[in-house]
Amino acid sequence: MAHEGPPVDTDHLARLYRQMFLIRRCEEEAARAYAMGKIGGFLHLYIGQEAVGVGALAALESKDHVVTTYRDHGIALAKGMTARAMMAELFGKETGCSKGLGGSMHMFDAANGMHGGYGIIGGHIPLAAGIAFASKYKEDGGVTLCCFGDGAVPIAGFHEGIGLAALWKLPIVFICENNEYSMGTPLNRTLPTSEVANYARAAMAFRAIASSRRTSLKSSDASVKRMSDPGKYRTPEEVEARKQRDPLFRARTQLELHWDMARLDALEASVEEEVADAVKFADESPALTAELLAPTTYDGPFASNGARSERLPDGEEVGHYQGAYKVTEGMLEKFGEKRVIDTPIAEGGFAGLGIGAAMVGLRPIVEFMTWNFSAVAFDQILNNAAKVRQMSGGQYTCPIVFRGPNASARQVGSQHSHAMEHFYTHVPGLKVIAPAFAADAKGLMKTAIRDNNPVLVMESETLYNTKGEVPDDQGPIPFGVANVVRTGKDVTIVAYSRMTHVALEAAEKLANLGVSAEVIDLRTLRPLD
């Protein structure tokens with residue numbers, strides 16, 4: 001049959017087809033291994049969606065970045081990850097791309113700009129905005145591609161992430177891989193419009209490249225979506241109709257018009273060999289060991305690349321308003337708008353943006369107007385900042401500081417009176433400090449900025465008006481080292497933050513009763529001395 005229409009670059013089409021065929025065969029073999037019990041946890045397949053990832057990533061350059069959702073195997077392969085690294089990760093082996101610590105939903109390949117798949121729906125969208133922010137800040141010409149499913153559209157991370165991207169005109173492309181079912185519920189039961197792009201257009205004056213329902217960016221998705229999915233929410237007729245739009249079938253049909261069968265068979269044989277090798281490699285690789293966990297949860301205490309120009313205070317009212325408590329007073333005038341950044345009231349959005357920027361080399365200092373409001377960003381801190389190093393197998397550090405006033409004050413009501421350290425000190429991957437004195441606040445903040453891990457600085461609102469001596473040469477104070485602020489021999493009182501001052505008052509009263517009380521200020525809550 002003769003080809004009709006515009007000229008076809010057959011070599012380019014062949015490259016795309018090979019990538020799509022590689023993804024398809026890897027996913028089919030992964031499904032087989034899952035059924036045999038060689039892959040644990042969840043297994044979300046990319047079968048039927050290959051054209052979306054391969055087509056979109058074909059437009060990227062090596063300096064560009066990709067962030068995606070948990071259906072990430074195909075995206076990882078299209079960004080340059082080897083079939084061996086992908087398959088070994090699925091098998092939970094040390095030779096996997098994330099040393100077996102990420103599994104199916106968390107494929108990372110920092111060297112190729114594949115900054116991960118993420119298991120919390122929509123939570124990765126602010127991260128992608130942060131990576132794009134870093135490219136714009138560093139003026140490196142990089143573009144970020146963020147993929148997500150239609151199920152992410154109603155969630156706050158979607159709206160806050162694209163809102164920040166639109167506000168700051170970030171170099172980012174959002175692609176909705178719309179299969180019309182989210183997890184298993186039809187789109188018309190979860191969204192008020194069938195046009196996902198309308199959300200971006202209406203809310204953010206976004207330039208939507210194309211509607212998610214009328215272009216090739218829509219997935220055929222004829223397969224089951226995950227290995228535990230019976231797929232009963234689709235009729236047999238619908239599944240068959242989608243199979244007819246299978247991107248591999250359509251691409252192969254085009255190639256058959258230009259290539260002889262021997263050449264096409266040779267291409268597919270090379271893929272089969274690559275996939276068989278990947279499965280064998282994964283099967284024979286050493287299993288994950290517990291010894292990997294400690295070095296991939298925290299990085300060393302100090303960074304060597306914390307250039308002063310990369311420290312970026314951002315948050316609500318930190319610039320022109322100079323902070324709700326005037327902690328950032330004068331910083332905008334001294335450092336300028338590039339480094340002191342006012343954000344919308346969108347804690348989840350700007351916290352996630354800061355985490356994404358930290359993953360690719362910046363050192364953000366994010367202010368919450370109060371730590372009470374960090375509850376809105378809890379997902380970003382708990383599931384992204386604290387975990388990205390571990391679930392990437394140590395490929396990333398997250399040198400970010402979150403700070404703000406914490407705990408109760410006078411007559412502010414219960415919603416503004418939480419002592420949030422009780423939540424965060426139980427999260428592996430985070431460090432938490434709570435200074436009681438001015439010199440400690442400065443020294444611990446210096447350490448926090450230099451640390452390659454996420455650090456939460458809990459400042460007592462009731463101490464903002466207290467004063468203390470701060471040496472001009474006050475250096476960093478190491479974490480995990482408490483301070484004896486009063487010696488004593490009869491009893492020891494251990495406290496932190498404002499309660500250290502209360503403990504000192506109590507010790508003075510005890511002294512009047514003949515009791516010698518020692519007072520220890522913890523200063524750091526995680527790690528604990």
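The values are calculated or read from the model by the stated rules, or taken from the named source; none is laboratory data. Fair warning: this is a prediction, and the values are worked out from it, not measured in the lab. As a convention, Cβ positions derive from the backbone with ideal geometry for all residues, glycine included, and neighbour counts pool all protein chains shown. These area figures cover heavy atoms from the full protein model, side chains too; ligands, DNA and RNA do not enter into them. Shrake-Rupley method; radii C 1.70, N 1.55, O 1.52, S 1.80 Å.
Go through (1) buried (at least 24 other Cβ atoms within 10 Å of the Cβ); (2) without any contact (Cβ under 8 Å) to a residue 24 or more places away in the chain for residue 139 and report which single condition fails.
Status for residue 139: all satisfied but (1).
Could you list all residues from the stretch 142-158 that are open to solvent by 10 Å² or more (accessible area, probe 1.4 Å) and modelled with pLDDT of 95 or more?
143, the sole residue that qualifies.
Name the single residue, out of those in the stretch 78-103 being at pLDDT 95 or above, in contact with a Leu (Cβ under 8 Å, 6 or more places away or on another chain) and part of a helix (DSSP H, G or I), that is farthest from residue 29 (Cα to Cα).
The qualifying residue farthest from residue 29 (Cα to Cα) is 78.
Residue 425 versus (1) out of contact with any helix residue (DSSP H, G or I) (no Cβ under 9 Å at 6 or more places or on another chain); (2) without any contact (Cβ under 8 Å) to a residue 60 or more places away in the chain: which is the lone unmet condition?
Tallying (1) out of contact with any helix residue (DSSP H, G or I) (no Cβ under 9 Å at 6 or more places or on another chain); (2) without any contact (Cβ under 8 Å) to a residue 60 or more places away in the chain, residue 425 fails exactly one: (2).
For the condition open to solvent by less than 30 Å² (accessible area, probe 1.4 Å), at pLDDT below 95 and outside any loop (DSSP other than H, G, I, E, B), what is the one hit in 48, 53, 74? It would help to see each step written out before you state the result.
Values: 48 fails: outside any loop (DSSP other than H, G, I, E, B); 74 fails: at pLDDT below 95.
From the options 48, 53, 74, the qualifying one is 53.
Condition check: touching a helix residue (DSSP H, G or I) at 6+ places or on another chain (Cβ under 8 Å), closer than 28 Å to residue 138 by Cα and acidic (Asp, Glu). Does residue 337 satisfy that? Full working, then the answer.
Details: touching a helix residue (DSSP H, G or I) at 6+ places or on another chain (Cβ under 8 Å): no; closer than 28 Å to residue 138 by Cα: yes; acidic (Asp, Glu): yes.
So residue 337 fails the test.
Answer with yes or no whether residue 456 is at pLDDT 95 or above, open to solvent by 40 Å² or more (accessible area, probe 1.4 Å) and farther than 20 Å from residue 520 by Cα. Spell out the reasoning first.
Details: at pLDDT 95 or above: yes; open to solvent by 40 Å² or more (accessible area, probe 1.4 Å): no; farther than 20 Å from residue 520 by Cα: yes.
Considered against the rule, which asks whether it is at pLDDT 95 or above, open to solvent by 40 Å² or more (accessible area, probe 1.4 Å) and farther than 20 Å from residue 520 by Cα, residue 456 comes out as no.
Between residues in the stretch 326-353 that are at negative phi and buried (at least 17 other Cβ atoms within 10 Å of the Cβ) and residues that are at pLDDT below 75 and assigned to a helix (DSSP H, G or I), which pairs lie under 7 Å by C-beta distance while being six or more apart or on different chains?
Final answer for the pair search is 340/331; 340/332.
Filter the stretch 92-123 for residues that are touching a Ser or Thr at 6+ places or on another chain (Cβ under 8 Å), surrounded by fewer than 22 Cβ atoms within 10 Å (Cβ to Cβ) and hydrophobic (A, V, I, L, M, F, W, C) and give the result.
110, 121
Could you list, in sequence order, the residues of the stretch 151-195 that are over 19 Å from residue 125 (Cα atoms) and of a type in the set (Val, Ile, Thr)?
Within the stretch 151-195, 185, 190, 193 meet the criteria.
Looking only at residues that are assigned to a loop (DSSP other than H, G, I, E, B) and at pLDDT 90 or above in the stretch 230-289, which one is nearest to residue 86 (Cα to Cα)? Working first, answer last.
Within the stretch 230-289, the first condition is being assigned to a loop (DSSP other than H, G, I, E, B), and the residues that meet it are 230-235, 244-246, 257-260, 285-286, 288-289.
The next check asks that each one be at pLDDT 90 or above; those that pass are 285-286.
On the way: 285: 13, 286: 15 Å.
Here the residue is 285.
Any residue in the stretch 468-482 that's open to solvent by 50 Å² or more (accessible area, probe 1.4 Å): show its pairings with residues that are among the small types (Gly, Ala, Ser) and not in a loop (DSSP other than H, G, I, E, B) at Cβ separation under 6 Å, as long as the two are six or more apart or on different chains.
Close Cβ pairs (under 6 Å, with a partner that is among the small types (Gly, Ala, Ser) and not in a loop (DSSP other than H, G, I, E, B)) amount to 470/438; 470/439; 476/443.
Which condition number does residue 59 fail, the rest of (1) part of a loop (DSSP other than H, G, I, E, B); (2) open to solvent by 20 Å² or more (accessible area, probe 1.4 Å); (3) in contact (Cβ under 8 Å) with a residue 12 or more places away in the chain being met?
Unmet for residue 59, out of (1) part of a loop (DSSP other than H, G, I, E, B); (2) open to solvent by 20 Å² or more (accessible area, probe 1.4 Å); (3) in contact (Cβ under 8 Å) with a residue 12 or more places away in the chain: (3).
Within the stretch 170-180, identify whether any single residue is part of a helix (DSSP H, G or I) and either modelled with pLDDT of 95 or more or within 17 Å of the chain's Cα centre (by Cα) (or both), and answer yes or no. Show your work before the answer.
Keep residues of the stretch 170-180 that are part of a helix (DSSP H, G or I), which gives none.
No, that holds for no residue.
Which of the residues that make up the stretch 460-486 are over 30 Å from residue 516 (Cβ atoms), in contact with a Ser or Thr (Cβ under 8 Å, 6 or more places away or on another chain) and at pLDDT 90 or above?
If the condition is that a residue be over 30 Å from residue 516 (Cβ atoms), in contact with a Ser or Thr (Cβ under 8 Å, 6 or more places away or on another chain) and at pLDDT 90 or above, then 476 is the only one that fits.
For the stretch 77-108, give me each residue that is in contact with a helix residue (DSSP H, G or I) (Cβ under 6 Å, 6 or more places away or on another chain) and within 20 Å of residue 175 (Cα to Cα).
Result: 77, 78, 79, 80, 106, 107.
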